[in-house]
Each structure stands twice: as C-alpha cells, then as structure tokens.
Amino acid sequence: MRKVMVIDDSRTILSIAKGELERDYQVITALSGDEGLFLLERFIPDLILLDLNMPGMDGKEVLRRIRQDEKWRRIPVIFLTADTTPQTEEECLRLGADDYISKPFVSIVMRRRISRVIELYDLRNDLETQLQEKTKQVESATLNSIMVVANTIDAKDAYTAGHSFRVAQCAEEIAKNLGWDENKRLNLHYVALLHDVGKIGVPDAILNKPLALTKEEFDVIRRHPVMGGEILKDIRMIPHVGEGALYHHERYDGRGYPTGLKGKTIPEFARIITIADTYDAMNSRRVYRDKLPREKIIAEFERCNGAQFDPEFGQVFINMLKNGFSLDKMSGEEYANLTDESSKLLNKIITEFTMDIKEKAMMDSLTGLYNRSYFKEKVEKIWDAGHTGALLMIDLDNFKSINDRFGHIMGDRVLRMLAETLREQTGEDDVIGRIGGDEFILFYTDMTDHDDLAEKANNILDSMQRKLKEIKHQDITSVSIGIALYPEHGNKFEKIFKNTDHALYYVKENGKNDFHFYARQGHGKNDQDKTADLNHVRYILEGRMGGEEGAYNVGFHDFQKIYDFVSRCVNRKSQEVQTMLLTLEPKDTPYLPSDVLEKGMNTLERAIVSSLRAVDVSTRYSSSQYVVILMDADADGGNIVAKRIVDKFYEIYPHKDIVLTQAMQKMMPTQEE
C-alpha cells in the first residue's frame, strides 16, 4: 500500500485527511514541520501533503529542507492552503511543490490530485529507469568502440604495440603492492587500458615519426590527454576512467601537462598510471634508442621520485624493480591474445556493472527482496529454461494494527522478520519478492508435490509465529499463504498470479493463519476439513478468551464492527452506552516527539485495560487518541470511569510533558428501517 504523509498543525485537518485517505493509502500524520522532518528520517512516503502556513517552521521551510536532502528531494509534495490567490499558487509551484489543494478541501478532488501526482511520478521514474538502461547500452557500445580504436593505435607502431595493456598490467601490480582490494585494482586496470585513447586525434605521421618532433608536433602530442578526457568524460560505467586519460602526464611537482596539477590534487589513479606509463617507455625499444637497462631505470626513478612521481607510490615501484619486477615486451601474437582477452574482460565488467545497477533498482529497499516486476522476470526465465514449480503468495494478517498500535518502526521490523523467514525456507534456485505493503511472493523451483509444499508452508507459519511470540505480537498478526502450481494452474505469470491470489483470499476469508492450494473446481473443503477448521477456530477463540481481564482492546476495523453491533443492541435493550475519546496533548511544546508519544500511548493503553471491565471495548483511534465503549453506563458512571483512567495514567506515567484529556457522549440507537 502506498504511503502518504500529512503535515498540518490542525488535528481536525489531520483527522479528516486520514479518514478520507486510509482506504487507499497508509497515512502517517505530523502536527508540525519539525515532527514531519523527524518522521522522514525513519521512512520515505510516496507523497507528502504539506500545510503552507504553520507556526514555527512553515511549509515553505519544510519544503526547502526536503528538496535539499538527497534522500527526500524526489518525494512529490502537495501544499495545503486556505489562500487560493494566483500569487499563492505561483509561489507554491516556484518553491518546488507539485500541486496545491485549497482548504477546506473536497475529498474527491484531494484523492484525484494525489492519485494524479503519484501516477506522474511513477511514469517519470519508469522513463528514467528506461533511459538509464538505454544509456548503459549506449555506453557499453561506445566503450567497445573506444577499446577497438585504442588497440588499433597501440598496434600501429611495432615499437609501441601492447603499450596500453602493459601499462594496465604494471599499474595493477603497483596497486597490489599498495594493498588495494581486488575490485579497486580491477577498476584501475580498465582505466589504464584507456589512458592513451586521446591519441585517436593525433595524426599517424606524428605518432610514427622516426626523428625528433618539432615544437608544433610536440604541441599536438601534448593535446592527447585533453582529447582522451573529452572522449571518456561521460562514461560512468568505469569509475575514474576519464581521470587516467586526462591526468596521466601531470607531475607531482606541478610541472606536468595539460593542467599543471600538483601533489595529491592529481587523482591517485593518474599518479599510478604515470609511473606505469613512464616505466613502459623506458623499458621499450624506440627507433632512436634501445630499451634502458634495469639499473638505469631504477636510477631514473630514484632521481625523479617526489618530483615527477608521487613519493609514496614511486618508492613502492622502486622496491618492486629492485625485487625483480619486469614487464618484458610481448610478441605480436601474444599481444593480440592479451588484448583480445582484455576486451573480453572489459565486456565482463561492463555487463556485471550494468546488472548490478539493474538489480539494485529492482530491489525493495526495506527487505532486500525483488520487487514484483523483477520477480516476474526472474521466474519467467526459470520457466523458459523448462522448470516447473509452485508460486506462494504470503500476506501478514491485520498488519495495519501493528503500525497503528506500535508505529512504523515496529511494522518495518515485522516485515523484515517475514523476509528473513522466507529466506530461511528457500534455496538458491528459489525466488522471493515483496509485491507491496505486507504482501510477499515466493517461487519454489521444481517443487510441485502437495506434501512437500504443505511442509514448507507450515514451516513458514510456525517459524513466523515463534518470532512474533518473541516480540509479543503473536495475537495481533499472523501469516496467510495461497499456493498455485506451474504450469498446472497457469502457464502465464498473470494467470498463475491471479490464481495464487484466489487461494490466498480463501485463507483470508476462512480464519487466516493458514495455507490453501488453488483448485480449478472451486476452493471448498470437505466435511472433515471443515470440522478440523471449526476445532481450530474454537481452540484459538477459547485460548484468547481465557484469563483475560480488563477492557477488550481491538484494532479500529474490528472496533467499527463492534460499535455497529452495540448500536443495534441499544435499540432492543433499555441500557445506556457511553463512548469516550481520550487524547494525549503536549504540555509545554508545540508537538510531541514520536518516541514520547508512543510511550504515552502505551501507558494510556495499560491504564485503559486495567481500569475497565471485560465487557468494555477500546481501540487506538489515531497516533494520539483512544476510543472506548462503556457498556451499561450512564453519564455519572462514565465520568467515574474517565477519572479512574486519568488517575491511573498519571500514576504510571512518570513524566510531566503530556496532558491527558477526555470527552464523552451517550451512544444513540441506530435507526433501523
């Protein structure tokens, strides 16, 4: 279920907005800008409704902070304002709001505007994802083309053939001696492979000239780092790739080119490539000289260390040379093999990088499981490979009660708990996903036996129940599972998905906390199954009823049903029933921080349960309110009960930052037709 945060200083507006939206959205409310920003640190909503004019931090400042934070800046924001002038509308949009709704708002208009803005953001995100994937494909093709040209340049001259590959090998060896990890070393290897790509723009006559270069010709050569940097600047697949091309002729003393960078301002990849590039030049035969002896090379590096080369990196390489390191020039055939292998490795890193980006985009950030679209893609590939299996849809029963009573931090903990349970019950060939809110999906590859699947489902139910019992939530939520087989119950994803959902719906409508297999001819059970179900229901109900004292505390949805039932009973019996609203308010501050409010609400629940009779019913109505039904009580009796709850609350709540208020009203009979 999508999340909407409403930030407004009016409790009435928050209550109305929550009531209008909670059928379609998970609604989180905040009474001030400070509280809204506090809650944003804990979860990211799909949209924010933000009051423009609030005391303290107003909506403009809240929006400014949202847009400045990398985690939040993409959240769509709709302003709520009573000022409907064109100037205000223009200001809202200028500040970065996606829309604005005038107060008092019309519910259908509010819902449609929220739906439209979320739909537009989904579309934009989808287009951006497609653009990113297309960009990766273009970059991949571009890099392959660049690599071919770079290899061609190296092969033009018999004296420089294999230069880029040898530089890459040498740079990687230096990084290994510096203690760099494998991924960073591999990154450096690919940066070094492309360091001379700018020579694409240098004429062959200058590259292959056997005599000394003129000043003009040398100036052309000196431009190749800039050309290389321009060619590679937009390639993001290989981190730092442009740095190697642009800065590999810089010197540590600042006398290099093309920019004259000095010391540590030269990127470390470029500082290492400079050493490897210089070594290969010294160690290679030129038309005007033979390669230098090892002793001469060591002497040159010692002389230039700290001037041309980074002193730390240079000393590491000098030690390598003294210990026998060498990259002798390779033969043409060996070079061809190695460059071909290098191109394969480059393709491999591009592919792996692209898949890594794709997988991260397809993962649910809270649980680390696949989202629905990528789950579908993975499962369909398994089917295309000729495998069968079973699709399970798993749902947390009454999950909203967890969020309402204990907050979204606890709700997130339960969701991660279920994800962990599913991982424990699956193998490496199976696929797990989260399809939204409290619904999960699982595919068991090549498992179609009912007994085996029943054992797996029971293991999930039992394991989750144990974990919920550890946090004392086993009576609040449970797990329901629907199961369908591939290809028996559908050979297309949408078909089997729909049938699995039917099986889950059957469980939800018949007691929950169970599993059920989809059946083509209907979902009914035989008499023996029904008897077993009835015994199970009696066991659960009697277990819950035994030994309970105090008020019957339920979720708001169940409370509505009980309220309706009691209201009907009032018609038939001459007894009075009172409804009471208990509200926690801040004493000396504009709002209650979430942690303080949650402690206060937990204390209030204890005070209610311990102060009332077992026939009374209570529920958590909002983040700061409880509603109570007092059976067979007149106004005087209700006031006595209210005082008892208030006294009990202050008795067990040690702080002085909360005020508990109460309002009471006689329940009127339902008018029956």
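Could you grab me the full set of residues in region 426-446 that are among the acidic types (Asp, Glu) and surrounded by 17 or more Cβ atoms within 10 Å (Cβ to Cβ)? Show your work before the answer.
Taking region 426-446 first, the residues among the acidic types (Asp, Glu) are 428-430, 438-439, 446.
Matches in region 426-446: 430, 438, 439.
Residues checked against (1) of a type in the set (A, V, I, L, M); (2) closer than 20 Å to residue 403 by Cα; (3) touching a helix residue (DSSP H, G or I) at 6+ places or on another chain (Cβ under 6 Å):
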site: 600; (1), (2), (3): no, yes, no
site: 606; (1), (2), (3): no, yes, no
site: 612; (1), (2), (3): yes, no, no
site: 615; (1), (2), (3): yes, no, no
site: 619; (1), (2), (3): no, yes, yes
site: 625; (1), (2), (3): no, yes, no
site: 631; (1), (2), (3): yes, no, no
site: 635; (1), (2), (3): yes, no, no
site: 642; (1), (2), (3): yes, no, no
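Does residue 215 satisfy the criteria of being over 38 Å from the mean Cα position of the chain (by Cα), surrounded by 17 or more Cβ atoms within 10 Å (Cβ to Cβ) and basic (Lys, Arg)?
no
Please go through region 363-392 and pick out each residue that is over 16 Å from residue 422 (Cα atoms) and hydrophobic (A, V, I, L, M, F, W, C).
Matches in region 363-392: 379, 382, 383, 385.
Residue by residue, here is whether (1) within 18 Å of residue 476 (Cβ to Cβ); (2) exposed (fewer than 15 other Cβ atoms within 10 Å of the Cβ); (3) aromatic (Phe, Trp, Tyr) holds:
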| residue | (1), (2), (3) |
| --- | --- |
| 599 | no, no, no |
| 611 | no, no, no |
| 614 | no, yes, no |
| 634 | no, yes, no |
| 653 | no, no, yes |
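Taking the residues in region 370-396 that are modelled with pLDDT under 90 and either not in a helix (DSSP H, G or I) or not assigned by TED's automatic domain parsing to the domain that holds residue 482 (or both) as candidates, determine which candidate is surrounded by the most Cβ atoms within 10 Å (Cβ to Cβ).
Only one residue tops the list, namely 370.
Specify which of the listed residues (640, 629) is without any contact (Cβ under 8 Å) to a residue 40 or more places away in the chain and among the hydrophobic types (A, V, I, L, M, F, W, C).
Working: 629 fails: without any contact (Cβ under 8 Å) to a residue 40 or more places away in the chain.
Every option except 640 fails the conditions.
Which of the residues spanning region 276-318 are β-branched (Val, Ile, Thr) and closer than 29 Å to residue 211 by Cα? Break it down stepwise before answering.
Filtering region 276-318 down to residues β-branched (Val, Ile, Thr) leaves 278, 287, 297-298, 316, 318.
Scanning region 276-318 gives 278, 287, 297, 298.
Which of the following residues is outside any strand (DSSP E or B), closer than 26 Å to residue 398 by Cα, in contact (Cβ under 8 Å) with a residue 12 or more places away in the chain and not basic (Lys, Arg): 489, 473?
473
Test each condition in (1) among the aromatic types (Phe, Trp, Tyr); (2) modelled with pLDDT of 85 or more; (3) surrounded by fewer than 20 Cβ atoms within 10 Å (Cβ to Cβ) for residue 649 and report the one that comes out false.
Evaluating residue 649 over (1) among the aromatic types (Phe, Trp, Tyr); (2) modelled with pLDDT of 85 or more; (3) surrounded by fewer than 20 Cβ atoms within 10 Å (Cβ to Cβ) leaves (3) as the failure.
Specify which of the listed residues (294, 255, 271) is basic (Lys, Arg) and closer than 18 Å to residue 221 by Cβ. Write out each step before concluding.
Working: 294 fails: closer than 18 Å to residue 221 by Cβ; 271 fails: closer than 18 Å to residue 221 by Cβ.
Answer to the selection: 255.
State yes or no: is residue 451 more than 30 Å from the chain's Cα centre (by Cα) and either part of a loop (DSSP other than H, G, I, E, B) or within 30 Å of residue 384 (Cβ to Cβ) (or both)? Don't jump to the end; show me each part of the working.
Working: more than 30 Å from the chain's Cα centre (by Cα): yes; either part of a loop (DSSP other than H, G, I, E, B) or within 30 Å of residue 384 (Cβ to Cβ) (or both): yes.
When the stated conditions are applied, residue 451 passes them.
How many residues are surrounded by fewer than 16 Cβ atoms within 10 Å (Cβ to Cβ), among the small types (Gly, Ala, Ser) and touching a Lys or Arg at 6+ places or on another chain (Cβ under 9 Å) when one looks only at region 242-271?
2
Taking residue 280, is it modelled with pLDDT under 80, surrounded by 14 or more Cβ atoms within 10 Å (Cβ to Cβ) and either more than 21 Å from residue 183 (Cα to Cα) or not aromatic (Phe, Trp, Tyr) (or both)?
no
One residue is enough: does region 580-602 have a residue meeting the conditions assigned to a loop (DSSP other than H, G, I, E, B), of a type in the set (A, V, I, L, M) and at pLDDT 80 or above?
Looking for residues that are assigned to a loop (DSSP other than H, G, I, E, B), of a type in the set (A, V, I, L, M) and at pLDDT 80 or above, one finds none in region 580-602, hence no.
Could you please give the count of residues in region 610-629 that are in a loop (DSSP other than H, G, I, E, B) and among the hydroxyl-bearing types (Ser, Thr, Tyr)?
2
Return a yes/no flag: does region 134-143 have any residue that is of a type in the set (Ser, Thr, Tyr), touching a helix residue (DSSP H, G or I) at 6+ places or on another chain (Cβ under 6 Å) and modelled with pLDDT under 80. Steps first, answer last, please.
Of all residues in region 134-143, those of a type in the set (Ser, Thr, Tyr) come to 135, 140, 142.
Going one step further and asking which of them are touching a helix residue (DSSP H, G or I) at 6+ places or on another chain (Cβ under 6 Å), we end up with 140.
Now narrow it down to the ones that are modelled with pLDDT under 80: 140.
Yes, region 134-143 has at least one match.
Working only within region 655-666, note down all residues that are of a type outside the set (A, V, I, L, M) and surrounded by fewer than 17 Cβ atoms within 10 Å (Cβ to Cβ).
If the condition is that a residue be of a type outside the set (A, V, I, L, M) and surrounded by fewer than 17 Cβ atoms within 10 Å (Cβ to Cβ), then 655, 656, 657, 661, 665, 666 are the ones that fit.
Suppose we keep only residues that are among the small types (Gly, Ala, Ser) and under 22 Å from residue 379 (Cα atoms) within region 444-470. Which one would you say is modelled with the highest pLDDT?
That would be 457.
Just wondering, is there one or more residues in region 82-102 that are modelled with pLDDT of 85 or more and closer than 27 Å to residue 409 by Cβ?
For region 82-102, residues modelled with pLDDT of 85 or more and closer than 27 Å to residue 409 by Cβ: absent.
Could you go through region 177-197 and let me know if any residue there is surrounded by 24 or more Cβ atoms within 10 Å (Cβ to Cβ), at pLDDT 75 or above, within 17 Å of residue 281 (Cβ to Cβ) and not hydrophobic (A, V, I, L, M, F, W, C).
Yes, because at least one residue in region 177-197 is surrounded by 24 or more Cβ atoms within 10 Å (Cβ to Cβ), at pLDDT 75 or above, within 17 Å of residue 281 (Cβ to Cβ) and not hydrophobic (A, V, I, L, M, F, W, C).
Of 607, 663, 642, which residue is out of contact with any Pro (no Cβ under 8 Å at 6 or more places or on another chain), modelled with pLDDT of 80 or more and part of a strand (DSSP E or B)?
Within the list 607, 663, 642, the selection yields 663.
With a cut-off of at least 3 residues that are within 20 Å of residue 190 (Cα to Cα), name the helices (runs of 4 or more DSSP H) lying wholly within region 220-331.
By residue number, 224-232, 241-247, 268-282.
If we scan region 121-131, do we find a residue that is modelled with pLDDT of 80 or more and more than 30 Å from residue 198 (Cα to Cα)?
Yes, because at least one residue in region 121-131 is modelled with pLDDT of 80 or more and more than 30 Å from residue 198 (Cα to Cα).
Can you confirm whether region 417-425 contains a residue that is under 21 Å from residue 503 (Cβ atoms), polar (S, T, N, Q), more than 22 Å from the chain's Cα centre (by Cα) and surrounded by fewer than 18 Cβ atoms within 10 Å (Cβ to Cβ)?
Looking for residues that are under 21 Å from residue 503 (Cβ atoms), polar (S, T, N, Q), more than 22 Å from the chain's Cα centre (by Cα) and surrounded by fewer than 18 Cβ atoms within 10 Å (Cβ to Cβ), one finds none in region 417-425, hence no.
The values are calculated or read from the model by the stated rules, or taken from the named source; none is laboratory data. Computed from a predicted structure; not experimentally measured. Reconstructed Cβ throughout: ideal geometry from the backbone, glycine too, with neighbour counts over all protein chains shown.
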